[in-house]
1. When DSSP beta bridges are limited to those with both residues in the chain, what percentage is antiparallel, rounded to the nearest 5?
2. Answer with one residue from 154, 139, 125: the one whose Cα lies farthest towards the positive end of the charge dipole of region 123-162, charges on Cβ with Lys, Arg +1 and Asp, Glu -1.
3. At q = 0.12, 0.21, 0.22 Å⁻¹, what log₁₀ I(q)/I(0) does a Debye calculation on the Cα points of region 90-193 give, no solvent, two decimals?
4. Counting only DSSP beta bridges with both residues in region 30-163, what percent are antiparallel, rounded to the nearest 5?
5. Which trypsin sites (Lys or Arg not before Pro) does region 207-243 hold that lie in a coil by DSSP with at most 13 other beta carbons within 10 Å?
6. Over region 59-152, with the other protein chains present, what is the accessible area per residue in square angstrom, probe 1.4 angstrom?
7. Please identify which residues in region 30-45 have an amide N closer than 19 Å to a label point set 7 Å out from the Cα of residue 70, following the Cα→Cβ vector.
8. At a 10 angstrom cut-off on C-beta neighbours, averaged per residue, how do the peptides 102-109, 37-44 rank from highest to lowest?
Amino acid sequence: METVRQPAVAGQFYPRRPDELIEMVNGYIKEAADVTGPVPKAIIAPHAGYIYSGPVAGSAYARLAQANGAVKRVVLLGPSHWANIRGLATSNADSFATPLGRIPLDKAGLKEALAYRQVEISDQAHSREHSLEVHLPFLQIIFSDFKLVPLVVGSPPEAEVAEVLAALWGGPETVVVISSDLSHYHSYAEAVALDKITSENIESLRPVTEGQACGRRAINGLLHLAREKKLQGRTVDLRNSGDTAGPRDRVVGYGAYIFWSPD
């Protein structure tokens, strides 16, 4: 019998009704400006409730949508908010479900990842985790047919994350999605200044530090590999919750970034 990881935050972070969810995600993607340019090999996008971070995520996914038809596998990494894990954790499930249906896991890819000592199976790490789940409806809408390699990231060194990403990098059939918000709970002006520095680091492929991004371990793993592969990076959106749907006294920052090979 198929084992399915059921959605944990449908109806909280995003709509439970499929029609509402499709309308919301399509709206965010259509709002994105100037989606011409290189097709990304990897993106970084936020993972808050859609009313807060959905417009920023849409800016990244509008560009990734250009790869529809070629992409057959998505390697998705996000920080652990609930489970205490040292390295990276994948799932024993056969598929991950959202209100839009089920996404099969790439068992071959999981086998490759599990060959590394820093990768373990932990369904507990995935059961309540929203950092991966909120990206799934975006992926289901922009890609017609794909398999998923889900990895929750604890506190591994960036080189260990990069090692796993390199093993799963593949060709045009594979894209990498890193889930991360930026600064947390500063004033609006402070957040704008802090997130600008973080974005400059990311575009220059320099590591981000604690307090700059909650998914910094996954981000730094991607940046480590991007330097090796001589990728280019660009910020395509940078806002915070004070710009989208929240007050401006304590905001959370959100950035959307794309990475591509100039060759």
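1. Taking every DSSP beta bridge within the chain, about 45 percent pair in antiparallel fashion.
2. Checked the options; the winner is 139.
3. -0.47, -1.22, -1.31
4. Beta bridges within region 30-163, antiparallel portion: roughly 35 percent.
5. 230
6. 37 Å²
7. It comes to 35-44, nothing else.
8. Values: 102-109: 17.4, 37-44: 21.4.
Per-residue mean Cβ counts within 10 Å order the peptides as 37-44, 102-109.
The values are calculated or read from the model by the stated rules, or taken from the named source; none is laboratory data. Keep in mind that what you see is a predicted model, and the values were worked out from it rather than measured. Cβ: placed from backbone, ideal geometry, glycine included. Neighbour counts: every protein chain shown. All accessible areas refer to the heavy atoms of the entire protein, side chains included, with ligands and DNA or RNA removed. Shrake-Rupley method; radii C 1.70, N 1.55, O 1.52, S 1.80 Å.
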